[in-house]
Amino acid sequence: MRLGSIGAQLGASINEFSTDGTLSQNSDEKVPTQRAVKTYVDNLSSVGGDLTIGGNLSVQGTTTTVDSVTVESKDRNLELGSVASGTFTGDVAFGQTTITNISDTSNLAPGVAITLTGGAGSITLPAGAFVQSVTADTVTLDQAFQGAGSAAGASFSAGGASNTTANGGGFTILGGSDGDKSLTLGLANGGTFNSSEHFNLANGHAFYINGVEVLSSTQVLGLSVGGSGGGIVTEDAAQTLTQKTLSGATLTGTLTAGGGTGTSGQALFSTGSGVAWQSISVDATQITNGSTNVQAASGGNVTVNTAGSLCATFDTSNNLTVVGTVTAQSSIALKDNVETISDALAKVMNLRGVEFDYKANGRHSIGVVAEEVESVFDCLVVETDGVKSVAYQNLVAVLIEAVKDLKSEIDQLRGV
């Protein structure tokens, strides 16, 4: 058949079958061959104008870019990380982390678990290997192939979707210098969605966990915000607290309880019908516990009463008068290094009894001089604020041994 007759039937003059896969001549006189048409379609990088596809659309590649302002979908579900379990073949080599010349990459994506199933000779792949990246017909794994040599057309299985493939997936809205806005999945704490921005719910809406409301503008974990009725206490308004325990609280302002705020010197007391403010009365002249008390007269004596009876009196002349007996602990169980006082009589001879008048009030008295006693028995003298005191009662022990020394001398004189 002549080309001219074909052109006559088509209403055009066709004079050539073209093998140009670019169709760059844009001629009405040339018919492209099947191979030329396939080459042209395979090399298409863009389509100008609208494109309607009647069947399913499968897009393979690393990144798919949509430049439209609004993307609309009739479908209600948007599925991310959709990879199925499957098989494929590819070329491998010892020490490499890549699989090249892959027969089918449709179910390969970052995070997909890969298992070497056969056809690799002595080459092995450690368990738990997964895809790190996919570029054209090559994938990069997180682990290197072991064994020795290389193999072409080795068989593999792809594990499909898992937590690893989902990890880090989500939505990102680019914000430029203001920062990107994202909602992504992380595997921490059993899996969490992580948002870079705030969540703002419309009025009347709340967060739920397993059908139970946990957070809204008026409730948190089922407790109303505001304090009344066992809810959560806030600071912006008066609230009624019921069955609340305050520990380590600091009160500023006034405390209203029992129908009032109380006055100076009052405290809260528990009564049969609740709490009430009551005045606290403190007697500055005495401390009493049952029938025992200590009384301090204004500018006068201090008296100590035990079991209702006078025990002792501190008078204004600096005297202590005790009704009973004054004793001091003296058990052998309390003492070490017990020895009889030696040369007691000679030591007594170094002391002197004196009469004197107290400088403070002129009162006449008798006794000893602390400084003189200290030179002989320093253990009997105590100094407080520059004033020295003598343990008079302890001098009895010295006098006892001095009497014994004196009796011994008398006995010798008497020839006894």
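The values are calculated or read from the model by the stated rules, or taken from the named source; none is laboratory data. In this text, all values refer to a predicted model and were calculated from it rather than measured experimentally. Quick reminder, even Gly has a Cβ in these numbers, built from the backbone with ideal geometry, and neighbours come from all protein chains shown.
Considering only residues that are polar (S, T, N, Q) and surrounded by 11 or more Cβ atoms within 10 Å (Cβ to Cβ), look in the range 257-278 and name the one that is nearest to the chain's Cα centre (by Cα). Top of the filtered list is Thr261. Looking at Val398, Val369, just one residue is within 11 Å of Ala344 (Cβ to Cβ), in contact with a Phe, Trp or Tyr (Cβ under 9 Å, 6 or more places away or on another chain), surrounded by 13 or more Cβ atoms within 10 Å (Cβ to Cβ) and not small (Gly, Ala, Ser), and that residue is Val398. Cβ-Cβ distances below 9 Å connect the following pairs, each with a first residue in the range 251-268 that is over 21 Å from Val282 (Cβ atoms) and in a strand (DSSP E or B), a second residue that is modelled with pLDDT of 80 or more and of a type outside the set (D, E, K, R), and a separation of six or more residues or different chains: Ala257/Leu268; Ala257/Gly274; Ala257/Val275; Ala257/Ala276; Ala257/Trp277; Gly260/Ala276; Gly260/Trp277.
If I filter the range 320-340 for residues that are surrounded by 10 or more Cβ atoms within 10 Å (Cβ to Cβ), β-branched (Val, Ile, Thr) and out of contact with any Ser or Thr (no Cβ under 9 Å at 6 or more places or on another chain), do I get at least one hit? No: the range 320-340 contains no residue that is surrounded by 10 or more Cβ atoms within 10 Å (Cβ to Cβ), β-branched (Val, Ile, Thr) and out of contact with any Ser or Thr (no Cβ under 9 Å at 6 or more places or on another chain). Counting only residues that are small (Gly, Ala, Ser) and in a helix (DSSP H, G or I), which one in the range 389-410 is nearest to Asp315 (Cα to Cα)? Result: Ala397.
Tallying residues that are at pLDDT 75 or above and assigned to a loop (DSSP other than H, G, I, E, B) within the range 4-44 yields 16. Which members of the range 284-319 meet the condition of being surrounded by 12 or more Cβ atoms within 10 Å (Cβ to Cβ), of a type in the set (S, T, N, Q) and in a strand (DSSP E or B)? Scanning the range 284-319 gives Gln286, Thr292, Asn293, Gln295, Thr303, Asn305, Thr306, Thr313. Residues that are surrounded by 10 or more Cβ atoms within 10 Å (Cβ to Cβ), among the aromatic types (Phe, Trp, Tyr) and within 58 Å of the chain's Cα centre (by Cα) occur in the range 72-89; there is at least one. Within the range 227-245, identify whether any single residue is over 30 Å from Ala206 (Cβ atoms) and either exposed (fewer than 12 other Cβ atoms within 10 Å of the Cβ) or modelled with pLDDT of 80 or more (or both), and answer yes or no. No: the range 227-245 contains no residue that is over 30 Å from Ala206 (Cβ atoms) and either exposed (fewer than 12 other Cβ atoms within 10 Å of the Cβ) or modelled with pLDDT of 80 or more (or both).
Checked against the criterion of being small (Gly, Ala, Ser) and touching a residue at least 12 places away in the same chain (Cβ under 8 Å), the candidates Ser73, Ser46, Ser58 yield just one match: Ser58.
Scanning the range 284-299 for residues that are small (Gly, Ala, Ser) and either under 22 Å from Thr316 (Cα atoms) or within 53 Å of the chain's Cα centre (by Cα) (or both) turns up Ala284, Gly290, Ala296, Ala297, Ser298, Gly299.
Out of the residues in the range 107-123 that are polar (S, T, N, Q) and surrounded by 14 or more Cβ atoms within 10 Å (Cβ to Cβ), state the one that is nearest to Thr64 (Cα to Cα). Residue satisfying both the conditions and the ranking: Asn107. Restricted to the range 98-114, and to residues there that are closer than 19 Å to Ser82 by Cα and assigned to a strand (DSSP E or B), the residue that is farthest from the chain's Cα centre (by Cα) is Ile114. Of the residues in the range 90-110, at least one is β-branched (Val, Ile, Thr), in contact (Cβ under 8 Å) with a residue 60 or more places away in the chain and over 20 Å from Thr63 (Cβ atoms).
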